[in-house]
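Comments concern the structure below.
The values are calculated or read from the model by the stated rules, or taken from the named source; none is laboratory data. Note that the structure is a prediction, hence the values are computed from the model and not measured. Backbone-built Cβ (ideal geometry, glycine too); neighbour counts: all protein chains shown.
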Amino acid sequence: MSEPEFSVCADPGRLHFDAAHFVTLNNVRENLHGHNFRARVEVFSDRNQDGFILDSTQLTELAAGICTSPDDKALLPGRNVVTLEHDNGWIHVKSFDRCYTLPADNRVIPPISNATAELLAWYACGQLLRELRANSGLGDLERLRLAVEKAGRQWGIYQHEVNNVR
């Protein structure tokens, strides 16, 4: 008989951010546009010896903190056909036939190839795992799933197996 699996979920309530982005695909770039992104975090474990997997309040607080970083900013891919030039407090973004100039403090440049929902989920998952480790919040966590919604009911999802040796 297999061990039961338990999960804790932090749903969008406070897990949201508004950001601008564009995506490139097949040598075509979308126009710069914005979304009201939402996030959902779920953690799993079959080791529930203390009655809980981890502190769900801490999970929500840390995830909400990660969502504040890109809020009201432009999400620019750090690994792409995009050229980023910094110039005296401004950043010039060049992609194919377009150039945007933004205040340098009004952008987030994650190490992703495109600002898609699934790659944003991957990036945020890595940030959340670092925060959980730094705050001794991994508990009995075995797997973490993070989802980012960019438009009504369109979610990009990343799932990570945690090597949490106690």
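Find all pairs meeting these conditions: Cβ atoms under 7 angstrom apart; at least six residues apart or on different chains; first residue within region 26-43 and within 9 Å of Pro12 (Cα to Cα) and touching a residue at least 24 places away in the same chain (Cβ under 8 Å); second residue part of a loop (DSSP other than H, G, I, E, B) and among the acidic types (Asp, Glu). Pairs found: Arg40/Asp11.
Any residue at all in region 60-82 that's closer than 21 Å to Gly126 by Cα, over 20 Å from the mean Cα position of the chain (by Cα) and of a type in the set (A, V, I, L, M, F, W, C)? The answer is no, given that none of the residues of region 60-82 is closer than 21 Å to Gly126 by Cα, over 20 Å from the mean Cα position of the chain (by Cα) and of a type in the set (A, V, I, L, M, F, W, C).
Residue-by-condition table, conditions (1) modelled with pLDDT of 90 or more; (2) closer than 19 Å to Val81 by Cα:
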| site | (1), (2) |
| --- | --- |
| Arg98 | no, yes |
| Ile109 | yes, yes |
| Glu118 | yes, yes |
| Ala124 | yes, no |
| Gln127 | yes, no |
| Leu132 | yes, no |
| Leu141 | no, no |
| Tyr158 | yes, no |
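Checked against the criterion of being surrounded by 15 or more Cβ atoms within 10 Å (Cβ to Cβ), closer than 24 Å to Arg79 by Cα and either modelled with pLDDT of 90 or more or within 15 Å of the chain's Cα centre (by Cα) (or both), region 24-32 has at least one qualifying residue. Answer yes or no as to whether Arg145 is modelled with pLDDT of 95 or more and under 15 Å from the mean Cα position of the chain (by Cα). Yes; evaluated as a whole, the condition is true for this residue.
Selection over region 56-107 of residues that are touching a helix residue (DSSP H, G or I) at 6+ places or on another chain (Cβ under 9 Å) and surrounded by 11 or more Cβ atoms within 10 Å (Cβ to Cβ) gives a count of 19. In region 108-131, the residue that is surrounded by the most Cβ atoms within 10 Å (Cβ to Cβ) out of those that are in a loop (DSSP other than H, G, I, E, B) and among the hydroxyl-bearing types (Ser, Thr, Tyr) is Thr116. Could you grab me the full set of residues in region 83-108 that are in contact (Cβ under 8 Å) with a residue 40 or more places away in the chain and among the hydrophobic types (A, V, I, L, M, F, W, C)? Phe96, Val108, listed by residue number. Within the set Asp105, Asp71, the sole residue that is assigned to a loop (DSSP other than H, G, I, E, B), of a type in the set (Asp, Glu) and in contact with a strand residue (DSSP E or B) (Cβ under 9 Å, 6 or more places away or on another chain) turns out to be Asp71.
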